[in-house]
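J.: One structure follows; several queries about it will come next.
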Amino acid sequence: MKNIQKWKPSKYVYKNGKLRASKNKKELGISSRLIADLVAEFYDSKLQKYARGDLVDLGCGKVPLYEAYKDKINKCICVDWDNPFHENEFLDMNVDLNKNLPFENNVFDTIILSDVLEHIQDPILLWNEMNRILRKDGILIMNVPFHYWIHDSPFDYYRYTRYALEYFANKSNFQIISIDELGGVVEILTDFISKIISKIPLIGKFLAMSIQWCNLQFLKLKIGKKLKTETSKHFVLSYGLVAKKIN
């Protein structure tokens, strides 16, 4: 990572030993904190278990997950596409992820692909390229939204079910270790409503925070936990996947 000494937490922060969504409105919109919390929890657990060796963070942005994996790896290569509106001082390489990746075969042990796959025009090309640059038994850790609004328009192309993720993983010679449903119907409704009401002048952001707080309290109840478990297979906000290169 370039300028590693300048890095600081952005989208995610550690609080009480757990990776959580940042409350800094400059880094993360209030209406997106719910899904960010779910994604943070996924990466916190998976990176602690699987991150190792030489890691490449594809579509890294401000490298918000760095603190979660920095003590598990040898080095981190930060890759993203060139964005003239948001200069990124941490990038090692500007790369169009819709094209072949500029790396030799078998050079990384871990790949992170966070909130990226939905923005890729030809997903099988990227899947095959990720397999190519991973060493034997290398690990891919990624997430994608499902029931989620259009974002980064016009570069938002797809939504993937777990069956699509299984298909692409198998087709590109990955063995799936786990696919996690991140959020059920309660989280979907909370996220949708938060994004709508946050636009209301004066009180919108307060209302969005309030409904997300209510969601957290509801999910602590037995009925909330049951509803989340029973609905997440068919009504899922986001997916997290871990897969291993098999050849």
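Here, each number is a calculation from the coordinates, and none is a lab measurement. Bear in mind that the values here come from a model prediction, so they are computed numbers and not experimental data. Cβ atoms come from the backbone with ideal geometry, glycine included; neighbour counts cover every protein chain shown.
J.: State which entries of Lys15/Lys195; Lys26/Lys199; Lys49/Lys244 exceed 20 angstrom in Cα-Cα distance in the structure shown.
T.: Details: Lys15/Lys195 24 Å; Lys26/Lys199 16 Å; Lys49/Lys244 13 Å.
Pairs exceeding the cut-off: Lys15/Lys195.
J.: Quick check on packing: order 208-217, 45-54 by the mean number of other C-beta atoms within 10 Å, highest mean leading.
T.: Details: 208-217: 15.7, 45-54: 17.6.
Final packing ranking: 45-54, 208-217.
J.: Take region 34-124, drop everything but the C-alpha atoms, weight them equally and run the Debye formula without solvent; then report log10 I(q)/I(0) at 0.10, 0.20, 0.24 Å⁻¹ to two decimals.
T.: So the normalised log intensities are -0.26, -1.07, -1.40.
J.: Right, here's the next one. In which sequence would Val185, Val56 go, from the one with the fewest C-beta neighbours within 10 Å to the one with the most? Can you show the working numbers first?
T.: Numbers: Val185 17, Val56 24.
In increasing order of surrounding Cβ atoms, one gets Val185, Val56.
J.: According to the Cα gyration tensor, what semi-axes, each the square root of 5 times an eigenvalue, does the equivalent ellipsoid of the chain have, listed from largest to smallest in whole Å? If you can, show how the numbers build up before the last one.
T.: Details: eigenvalues 171, 87, 61 Å².
Over the Cα atoms of the chain, the semi-axes work out to 29, 21, 17 Å.
J.: Right, here's the next one. List the pairs from Lys18/Lys46; Lys46/Lys245; Lys8/Lys205 whose alpha-carbon separation is above 20 Å, in the order I gave them.
T.: Lys8/Lys205
J.: Over region 4-245, what is the percentage of antiparallel beta bridges among all DSSP beta bridges, to the nearest 5? All intermediate terms of the calculation are to be shown ahead of the outcome.
T.: Working: 19 of 36 bridges.
Counting DSSP beta bridges with both partners in region 4-245, the antiparallel share is about 55 percent.
J.: Tell me the net charge near Cys78. Cut-off is 11 Å between Cβ atoms, Cys78 excluded, with +1 for each Lys or Arg and -1 for each Asp or Glu. Walk me through the intermediate numbers first.
T.: Values: positive: Lys2, Lys62, Lys75; negative: Asp57, Asp80, Glu89, Asp92.
So the surrounding residues net to -1.
J.: Return the long-range amide H neighbours of Arg20 (sequence gap of 5 or more, or a different chain), with a cut-off of under 5 Å between placed amide H atoms.
T.: Val13, Tyr14, Lys15
J.: Once amide H atoms are placed 1.01 Å from N in the peptide plane, what residues at a sequence separation of 5 or more from Gly53, or on another chain, have their amide H within under 5 Å of its amide H?
T.: Asn74
J.: Which value, in debye to the nearest 20, describes the size of the charge dipole of region 25-174 about its Cα centre when Lys and Arg Cβ atoms bear +1, Asp and Glu Cβ atoms bear -1, and nothing else is charged? Could the numbers behind the result be given before it?
T.: Details: 17 positive and 24 negative charges, 99 e Å.
Rounded to the nearest 20 debye, it is 480 debye.
J.: Counting only residues 5 or more places away or on other chains, whose amide H sits under 5 Å from the amide H of Ser178 once H atoms are built in the peptide plane?
T.: Val242
J.: Let me ask something additional. State the volume of the convex hull built on the alpha-carbon positions of region 92-159, expressed per residue in Å³ and rounded to an integer.
T.: Working: hull volume 6.4 nm³, N = 68.
That works out to 95 Å³ per residue.
J.: I would also like to ask the following. Can you give the translational diffusion coefficient of region 1-86 in µm²/s, computed by Stokes-Einstein from the Kirkwood radius over Cα pairs at 20 °C and 1.002 mPa s?
T.: Values: Rh = 13.6 Å.
So the translational diffusion coefficient is about 157 µm²/s.
J.: What is the extension gain from Asn106 to Leu221, computed as 0.36 nm multiplied by their sequence separation minus the C-alpha to C-alpha distance, in nm to one decimal? Before the final figure, lay out the partial values.
T.: Values: separation 115, 0.36 × 115 = 41.40 nm, distance 4.68 nm.
Length gained between Asn106 and Leu221: 36.7 nm.
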